[in-house]
Amino acid sequence: MAAIEDGIPLQHALGKAVRASGVKEFAAKIGMESPNLLRAINPRHNPTQATINRILSPFGLRLSLAPIKKQSGVVQLDSDREITSRLKPLLFSYYTRHYTRRAVFGAQQR
C-alpha cells in the first residue's frame with residue numbers, strides 16, 4: 001500500500017493488487033461476485049466504506065477515520081464535536097454534489 005503514500009488513488013492501487021492476484025480468485029476469497037469487485041475497484045464508481053474494507057481485509061487492513069495527533073505544524077482537533085463541526089460542511093458539500101449529479105444524469109439516461 002506504499003502506492004497510496006505516493007499519491008496513487010486507493011481504487012487504482014487496489015485494482016492493481018486485485019488483478020495481480022486474479023480477479024476471480026480474489027472475489028471468491030472475499031465472497032463477492034467478480035463483476036461487483038471490478039465495479040468497486042473502477043475509479044468511476046463510488047464504493048461504500050464497507051466494500052472497501054471487504055477488499056482490504058485479505059491484506060489485513062481497513063479504512064477508517066482517526067483524530068490527528070498533535071505534531072509540529074499539524075492542527076489537533078480537541079473533541080468529537082470539533083471534528084464533527086469541521087467535517088460536516090465537507091461531507092454536505094460532497095454528498096450534495098454526488099447525489100445531485102447522480103439525480104440529474106440518472107434522470108437523463110432513462
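The values are calculated or read from the model by the stated rules, or taken from the named source; none is laboratory data. For clarity, every value in this text was computed on a predicted model and none was experimentally measured. Neighbour counts run over all protein chains shown; Cβ positions are idealised from the backbone, glycine included.
Within the stretch 17-28, residues that are within 16 Å of Leu61 (Cβ to Cβ) reach partners that are surrounded by 13 or more Cβ atoms within 10 Å (Cβ to Cβ) and β-branched (Val, Ile, Thr) with beta carbons closer than 6 Å, at six or more positions or on different chains, in the pairs Val18/Ile41; Phe26/Val18. Pairs meeting the criteria (first residue in the stretch 55-66 and within 19 Å of Ser21 (Cβ to Cβ), second residue part of a loop (DSSP other than H, G, I, E, B), beta carbons under 9 Å, at least 6 apart or on different chains) are Ile55/Met32; Ile55/Pro47; Leu56/Met1; Leu56/Arg62; Leu56/Leu63; Phe59/Met1; Leu61/Met1. Does Leu65 satisfy the condition of being at pLDDT below 90 and not basic (Lys, Arg)? Against the criterion (at pLDDT below 90 and not basic (Lys, Arg)), Leu65 qualifies.
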